[in-house]
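The values are calculated or read from the model by the stated rules, or taken from the named source; none is laboratory data. Bear in mind the structure is a predicted one, so any value in this text is a computation, not a measurement. All Cβ positions, glycine included, derive from the backbone under ideal geometry; neighbour counts span all protein chains shown. Accessible surface areas use protein heavy atoms only, side chains included; no ligands, DNA or RNA. Shrake-Rupley method; radii C 1.70, N 1.55, O 1.52, S 1.80 Å.
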Amino acid sequence: MKLYFSPGACSLSPHIVLLEAGLAFTTDSVDLRKKVTASGADFSAINPKGYVPALETDQGMLLTEGPAIVQYLADLAPEKKLAPAAGTPERYVLAEWLNFISTELHKNFSPLFRPNVGEELSSYARANLTARFGYVERMLKGRDYLTGSQFTVADAYLFTVLNWANVLKFDMSAFPLVQAFQTRVGERPLVQQALRDEGLLK
């Protein structure tokens, strides 16, 4: 398999999952402005959407959305318990978390990365994030991870998005359980390896 990624982007989530699942893979870094990979390929020809992550599977299929990719990877290594079995009620809870992170956290961070974002949109996004992190804070009470005591692909995705709070100087002091979660996940050896591989950790 090959993962197309950009350091620190949402592609960090499947990068973590690939390592946690113990799967064989290669990576190719993408310059998202130029749409060129480190190997010199035209990324727009690989993924017409123009953004990461993108995963080329061993069967030649291309998957291009993070929540789909991480569930695919988890199902390749069911013994790692990175996702509940397909068809179980617990799997739909996981899917609920992946959708929440994607639509309510990830997408509210997106405008804050734009240098010319207006104050109105910035304030709107920050207010949404504050409300959504309040929900995550309440849900983490008594839990190590989003769905309980087991680390899953949803935790890898939330960890990835939480990293952006530091970059954007988004104040997380009102959410101590979320901060503790970030520390807990960040201490996992394979999470640290993914960060090192992307040049985000020395």
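Among the residues of the range 19-32, those that are out of contact with any Ser or Thr (no Cβ under 9 Å at 6 or more places or on another chain), open to solvent by less than 60 Å² (accessible area, probe 1.4 Å) and not in a loop (DSSP other than H, G, I, E, B) comprise 19, 20, 21. The set of residues from the range 153-202 being among the hydroxyl-bearing types (Ser, Thr, Tyr) and touching a helix residue (DSSP H, G or I) at 6+ places or on another chain (Cβ under 9 Å) comprises 157, 160, 173. Among the residues of the range 155-197, just one is in contact with a Leu (Cβ under 7 Å, 6 or more places away or on another chain), open to solvent by less than 10 Å² (accessible area, probe 1.4 Å) and either farther than 25 Å from residue 95 by Cα or of a type in the set (Gly, Ala, Ser) (or both), namely 194.
Report whether or not residue 166 is part of a helix (DSSP H, G or I), free of Cβ contacts under 8 Å to residues at least 12 places away in the same chain, under 19 Å from the mean Cα position of the chain (by Cα) and within 17 Å of residue 13 (Cβ to Cβ).
yes
Residues in the range 140-154 that are open to solvent by less than 10 Å² (accessible area, probe 1.4 Å) and without any contact (Cβ under 8 Å) to a residue 60 or more places away in the chain: 140, 146. If you go through the range 33-52 and keep only what is open to solvent by less than 90 Å² (accessible area, probe 1.4 Å), within 11 Å of residue 5 (Cα to Cα) and in a loop (DSSP other than H, G, I, E, B), you end up with 38, 52.
Residues that are touching a residue at least 24 places away in the same chain (Cβ under 8 Å), of a type in the set (A, V, I, L, M) and either touching a strand residue (DSSP E or B) at 6+ places or on another chain (Cβ under 7 Å) or part of a strand (DSSP E or B) (or both) within the range 53-70 comprise 54, 55, 69, listed in sequence order.
Taking the criterion of being touching a residue at least 24 places away in the same chain (Cβ under 8 Å) and over 14 Å from residue 82 (Cα atoms), the residues of the range 189-202 that qualify are 193, 194, 195, 197, 198, 199, 200.
Taking first residues from the range 20-32 that are within 18 Å of residue 43 (Cβ to Cβ) and partners that are of a type in the set (Phe, Trp, Tyr) and open to solvent by less than 20 Å² (accessible area, probe 1.4 Å), the Cβ contacts under 7 Å between residues at least 6 apart in sequence or on separate chains come to 27/5; 28/4; 29/5; 30/4; 30/5; 30/43. Residues in the range 96-139 that are of a type in the set (Val, Ile, Thr) and over 19 Å from residue 12 (Cβ atoms) were compared, and the one that is most open to solvent (accessible area, probe 1.4 Å) is 130. Every condition in (1) within 25 Å of residue 185 (Cβ to Cβ); (2) in a helix (DSSP H, G or I) is met by residue 86 except one, and the failing one is (2).
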